[in-house]
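Contents: one structure, followed by commentary.
The values are calculated or read from the model by the stated rules, or taken from the named source; none is laboratory data. Fair warning: this is a prediction, and the values are worked out from it, not measured in the lab. Methodologically, a virtual Cβ is constructed for each residue, glycine included, from the backbone with ideal geometry; neighbour enumeration extends over all protein chains shown.
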Amino acid sequence: MAVKNGKKRRTYRPGWLARAMALLPTSCALLYPWYLAAQLNVVKQPYVSSRLPEAFAGMKIVFLSDIHYGVLFREDRVRSLVNTVNALEPDLILMGGDYAEDSDGAIEFFALHPGFRAKYAVLAAVGNHDRTEPESNLQKLKQAMVDDGVIPLVNDAWMLEKDGKRLAVAGVDDVYNGFPDMEKVRRLCRGADFTLFIPHTPDVVPQVCTANEKPFCDLILCGHTHGGQVTLFGHSVHPTAKTKDRYRSGWFHENGADILVSNGVGTSGFPVRLGAPPQMHLLTLEKRE
């Protein structure tokens with residue numbers, strides 16, 4: 001088990017009960033929590049902002065997070081997911097981390113060469129499940145991403161220039177198991193006319209949006225919470241974020257920044273969902289006059 005700052009990092013591999021539950025059929029609606037966990041929803045909606053340069057109006061962005069490839073989300077489902085994403089013909093694909101149950105699995109996920117394709121770029125952050133081993137595994141993971149045509153964003157930013165305007169996409173290392181460098185990311189995004197930020201978890205939102213200074217980003221896209229995965233009366237049975245249910249799922253607006261927290265694609269711990277259907281997002285950027 002890896003060590004960060006003298007503390008052991010968590011491992012997340014499913015136990016025997018979760019593996020047994022994964023053998024249950026997902027096509028039977030009578031087994032509703034299992035059935036719901038396999039029903040991926042593509043949420044299509046416009047994202048309208050007065051800050052968006054006209055040059056990027058009409059751009060289609062797919063955001064997906066928390067695939068959790070492994071015994072609970074096998075290769076056939078990965079291939080189906082890729083086909084669904086690519087059929088949307090996105091301009092950008094943004095991936096929010098937690099590609100498998102641990103960093104070895106995340107490397108294996110990209111070694112499958114899933115083949116996500118977008119007009120401009122496929123960009124990927126990392127999550128806590130992707131950072132269960134030391135820095136050597138992070139370098140292997142980043143290389144596996146690059147080998148599949150994916151640009152890793154780990155304390156880094158990517159720029160798209162169009163008609164003299166610049167759109168930035170930024171990502172930090174995971175806040176639980178990694179070494180995030182927010183100041184570096186802020187610096188890299190200076191000069192951008194519009195900035196998208198894809199941290200894995202909404203736990204970074206208070207740091208970015210409640211400071212005295214204006215947020216460096218316009219739109220924040222997060223995963224990690226799974227929408228609660230299992231919820232009762234709108235509350236998570238087992239919240240995974242330090243912010244609990246404050247940013248459980250959906251849209252938020254704080255200090256000038258818009259925030260979307262996705263329910264994610266896969267499951268963690270157990271292959272079930274209740275009150276939090278799996279989802280990915282197709283956002284079409286629009287300029288508000």
Scanning region 232-289 for residues that are acidic (Asp, Glu), touching a residue at least 60 places away in the same chain (Cβ under 8 Å) and outside any loop (DSSP other than H, G, I, E, B), the one surrounded by the fewest Cβ atoms within 10 Å (Cβ to Cβ) turns out to be Glu286
Filter region 43-66 for residues that are touching a strand residue (DSSP E or B) at 6+ places or on another chain (Cβ under 6 Å) and under 17 Å from Val82 (Cα atoms); the one that is surrounded by the most Cβ atoms within 10 Å (Cβ to Cβ) is Leu64
Could you tell me whether Thr240 is modelled with pLDDT of 95 or more and of a type in the set (Val, Ile, Thr)?
-> no
Those residues that are hydrophobic (A, V, I, L, M, F, W, C), at pLDDT below 85 and not in a strand (DSSP E or B), I need them from region 1-17; list them, please.
-> Met1, Ala2, Trp16
Name the single residue, out of those in region 26-66 being farther than 20 Å from Ser268 by Cβ and polar (S, T, N, Q), that is modelled with the lowest pLDDT.
-> Ser27
Within region 211-227, the residues that are more than 15 Å from the chain's Cα centre (by Cα) and buried (at least 23 other Cβ atoms within 10 Å of the Cβ) are Cys217
Scan region 183-231 residue by residue and report those that are under 20 Å from Asp130 (Cβ atoms) and assigned to a loop (DSSP other than H, G, I, E, B).
-> Ile198, Pro199, His200, Thr201, Gly223, His224, Thr225, Gln229
Looking at region 79-90, is at least one residue part of a loop (DSSP other than H, G, I, E, B), within 30 Å of Phe216 (Cα to Cα) and touching a His at 6+ places or on another chain (Cβ under 9 Å)?
-> no
For region 180-196, which residues satisfy the criterion of being in contact with an Asp or Glu (Cβ under 6 Å, 6 or more places away or on another chain), free of Cβ contacts under 8 Å to residues at least 40 places away in the same chain and not hydroxyl-bearing (Ser, Thr, Tyr)?
-> Pro180
A careful count of residues in region 133-168 that are β-branched (Val, Ile, Thr) and over 17 Å from the mean Cα position of the chain (by Cα) gives 1
From Asp76, Asp98, Asp91, residue being modelled with pLDDT of 95 or more and over 23 Å from Val261 (Cα atoms) = Asp76
Tell me, please, whether a residue that is modelled with pLDDT of 95 or more and over 16 Å from Gly127 (Cβ atoms) can be found in region 195-212.
-> yes
Leading residue by the ranking (surrounded by the most Cβ atoms within 10 Å (Cβ to Cβ)) among those in region 111-158 that are touching an Asp or Glu at 6+ places or on another chain (Cβ under 9 Å) and of a type in the set (Val, Ile, Thr) = Val126
